[in-house]
Amino acid sequence: MVLRWRDKMKVDGGVIDADHRHLLDIINRFENFAADGLTLDEGLEILFALKFYAATHFKREEGLQLRVNYPHYEAHKKQHAELLDQLTAIIEALRGGAGAPLDQVARETSALLQHWLMDHVLKSDLKMKAFVKAMHGDGPPLDELSAIDMPG
Ligand SMILES: [Fe+2]
Ligand SMILES: [Fe+2]
């Protein structure tokens, strides 16, 4: 299944959305890899690109959270670190040739990555939306928002 960008995924109407679209594109590339049965090296190359871009994006997003005094910064940062650890584990498992046929591993990895991205963007990143809006002077002031207790 190829992931499609939807407006409901919009967080900031700017660089964060552009990052998410790019991450989605990389994961779709992996999905094509899984469907077409390309080589392990090609699959790993995509995963390395994903890891590099995800790390860059996470830093950018955390920087934005600090600027808007996001109250769940620490918890969110921890989620990012866990996602990168998971990605590292996936890469290591693929490299080690875990025994299962490559196409099966690729399909499972693809499903996991899709879940990984969509779940994080839709459940966690979207909670920043009100804070980013406030920073742009559109919505309630930031100090009021920070007083609202929302789960991280
Ligand atoms: Fe995030
Ligand atoms: Fe994000």
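The values are calculated or read from the model by the stated rules, or taken from the named source; none is laboratory data. Worth saying up front: this structure is predicted, and the values here are computed from it rather than measured. Cβ placement follows ideal geometry from the backbone for every residue including glycine, while neighbour counts extend to all protein chains displayed.
Could you list, in sequence order, the residues of the range 123-143 that are surrounded by 11 or more Cβ atoms within 10 Å (Cβ to Cβ), at pLDDT 65 or above and more than 16 Å from ligand 2 (Cβ to nearest atom)?
Start the filter on the range 123-143 by keeping residues that are surrounded by 11 or more Cβ atoms within 10 Å (Cβ to Cβ), which leaves 123-136, 139-140, 142.
With at pLDDT 65 or above added as a condition, the list becomes 123-136, 139-140.
The answer is 133, 134, 135, 136, 139, 140.
Can you name the residue in the range 67-94 that is away from ligand 1 (no atom under 15 Å from the Cβ) and surrounded by fewer than 12 Cβ atoms within 10 Å (Cβ to Cβ) and is also farthest from residue 137 (Cα to Cα) among such residues?
Filtering the range 67-94 down to residues away from ligand 1 (no atom under 15 Å from the Cβ) leaves 69, 88-94.
Subsequent filtering for residues that are surrounded by fewer than 12 Cβ atoms within 10 Å (Cβ to Cβ) retains 89, 92.
Numbers: 89: 41, 92: 45 Å.
Across the range 67-94, the extreme among qualifying residues is 92.
Inspection of the range 73-94 finds no residue satisfying the criterion of being of a type in the set (Ser, Thr, Tyr) and within 20 Å of residue 4 (Cβ to Cβ). Scoring residue 100 on the criteria (1) under 21 Å from residue 6 (Cβ atoms); (2) surrounded by fewer than 18 Cβ atoms within 10 Å (Cβ to Cβ) leaves a single failure, condition (1). The test for being more than 27 Å from residue 133 (Cβ to Cβ) and at pLDDT 90 or above holds for residue 29. The C-beta contact set for the range 64-80 (first residue over 15 Å from residue 12 (Cβ atoms) and among the polar types (S, T, N, Q), second residue part of a helix (DSSP H, G or I) and within 13 Å of ligand 1 (Cβ to nearest atom), distance under 7 angstrom, 6+ apart or interchain) comprises 79/120.
For residue 76, indicate whether it is modelled with pLDDT of 95 or more, touching a Ser or Thr at 6+ places or on another chain (Cβ under 7 Å) and not aliphatic (A, V, I, L, M). Yes: the conditions hold for residue 76. Would you mention how many residues in the range 74-120 are within 19 Å of residue 59 (Cα to Cα) and of a type outside the set (Ser, Thr, Tyr)? Within the range 74-120, residues that are within 19 Å of residue 59 (Cα to Cα) and of a type outside the set (Ser, Thr, Tyr) number 19. Taken together, 79, 114, 65 contain a single residue that is more than 13 Å from residue 128 (Cβ to Cβ) and within 16 Å of ligand 2 (Cβ to nearest atom), which is 114.
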